[in-house]
Structures are given as structure tokens and as C-alpha cells.
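Single-structure report; data block below.
The values are calculated or read from the model by the stated rules, or taken from the named source; none is laboratory data. Bear in mind that the values here come from a model prediction, so they are computed numbers and not experimental data. So basically every Cβ, Gly included, is an ideal-geometry build from the backbone, and we count neighbours across all protein chains shown. These accessible areas exclude ligands, DNA and RNA; they are computed on the full protein's heavy atoms, side chains included. Shrake-Rupley method; radii C 1.70, N 1.55, O 1.52, S 1.80 Å.
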Amino acid sequence: MLAVEAALRAYARRFGEDEEYWAVVGILHDLDYERFPDLETGHPREALAELERRDADPVIVRAIASHADFLGVSRDSLLEKSLYAVDELSGFVMACAYVRPQGIHGLTPKSVKKKMKTPAFAAAVNREELRAGAEALAVDFDEHVTLVIAALEERADELELHGQEVAAP
């Protein structure tokens, strides 16, 4: 959720939107996932119900609902499209960083795309969704990946993305 928050902040800045507001969506979008991971009955339905009980802003509730294709909520706003675009990509970029000695530092779109071609790497991530998110935002895929990498690199300490570089002898 912190990675998605960071990426949404970056897109809010890019689009001249309210960074704090978009950050809230990033933090809340998967608030129920660990406790209710079943996509048939749980996530994100539990989160949506809780947010509605607490009278959360309907724009936030709808954005969170729209990130789950299976709920059938269209993505109409820039916020909704951005959440969808960064959700899976943030996790994939983190996975790429975790397997590099230098972590996220120096990670490029070329490296990310190379990992996308390896079906066994982060196998649960739908590669078509990664590209569809950028297309929905009308952003070049390399530019999209670059923005997400930069957003996560800004928070490398918090996200533990520094890697394990081996010191020279």
C-alpha cells in the first residue's frame, strides 16, 4: 500500500491533482487484503463496506472499487485510472528491485520489461494489466515505469528497496 501511495503521489504531482488526497486512496485501497484476501467474497468488499460505514468520501470509495476489475466498476476519473495503473506495477517493480544487488537504484524500464517476459517471475502479476494501465492514462509505457520507479526510489528506505550490494574486496 505504501508503494501504491508513493506512485499515486507522483501521478498527482504530474497531473496537478491533490497529492494528499490521492495518497489516502493509495493507503486505503488494499486495507482489507491481508485479512480478507478472497477475491470472491472479501477484498475489496470488506474495505468498501467499512469505508461506507465511516462515511468516507464517495470519490475515494469509488476509486477503490474501480481498481478491482471483477466488481465491474468503470474507471472514469484520472484518479481511478491512476490507481489501476500503479497498483500491480508498483508490486512488480518492487519484485524487480528485490532481486537486484543494488535494489531499486539504477532499475530501468528495460530491466522491468525484460522481467515481464519471464512468466515464472512474479507469476501472479498479469502482464497485460501492467500495459493496460499506462494505455488508460495515455502515457508511454516506459515513461509510466520510469515514474513508478522514481516514486518508489524516493521511498527506498521505507520500502526496503536498497538491495544488498556487496562491498568490493
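Looking at (1) outside any helix (DSSP H, G or I); (2) of a type in the set (A, V, I, L, M, F, W, C); (3) touching a Cys at 6+ places or on another chain (Cβ under 7 Å), find the lone condition where V139 falls short. Against the list (1) outside any helix (DSSP H, G or I); (2) of a type in the set (A, V, I, L, M, F, W, C); (3) touching a Cys at 6+ places or on another chain (Cβ under 7 Å), V139 comes up short only on (3). Would you be able to say whether some residue in the range 106-119 is within 18 Å of A151 (Cβ to Cβ), crowded, with 23+ Cβ neighbours inside 10 Å, in contact (Cβ under 8 Å) with a residue 60 or more places away in the chain and not polar (S, T, N, Q)? The answer is no; no qualifying residue exists. For the range 54-85, filtered to residues that are open to solvent by 70 Å² or more (accessible area, probe 1.4 Å) and either modelled with pLDDT under 95 or not in a helix (DSSP H, G or I) (or both), the residue that is nearest to A12 (Cα to Cα) is D76. Would you check if there is a residue in the range 142-160 being on the phi < 0 side of the Ramachandran plot, open to solvent by less than 40 Å² (accessible area, probe 1.4 Å) and either assigned to a loop (DSSP other than H, G, I, E, B) or of a type in the set (F, W, Y) (or both)? No. When A136 is tested against the conditions (1) surrounded by 18 or more Cβ atoms within 10 Å (Cβ to Cβ); (2) touching a Lys or Arg at 6+ places or on another chain (Cβ under 6 Å); (3) not aromatic (F, W, Y), the lone failure is (1).
Condition check: not in a loop (DSSP other than H, G, I, E, B) and not β-branched (V, I, T). Does A3 satisfy that? Answer is yes for this residue.
Within the set F36, F92, the sole residue that is surrounded by 15 or more Cβ atoms within 10 Å (Cβ to Cβ) and free of Cβ contacts under 8 Å to residues at least 12 places away in the same chain turns out to be F36. Every condition in (1) more than 20 Å from H29 (Cβ to Cβ); (2) at pLDDT below 95 is met by L107 except one, and the failing one is (2). When you check Y11 against the structure, is it hydroxyl-bearing (S, T, Y), within 29 Å of L161 (Cα to Cα), in contact with a helix residue (DSSP H, G or I) (Cβ under 9 Å, 6 or more places away or on another chain) and open to solvent by less than 20 Å² (accessible area, probe 1.4 Å), yes or no? Yes.
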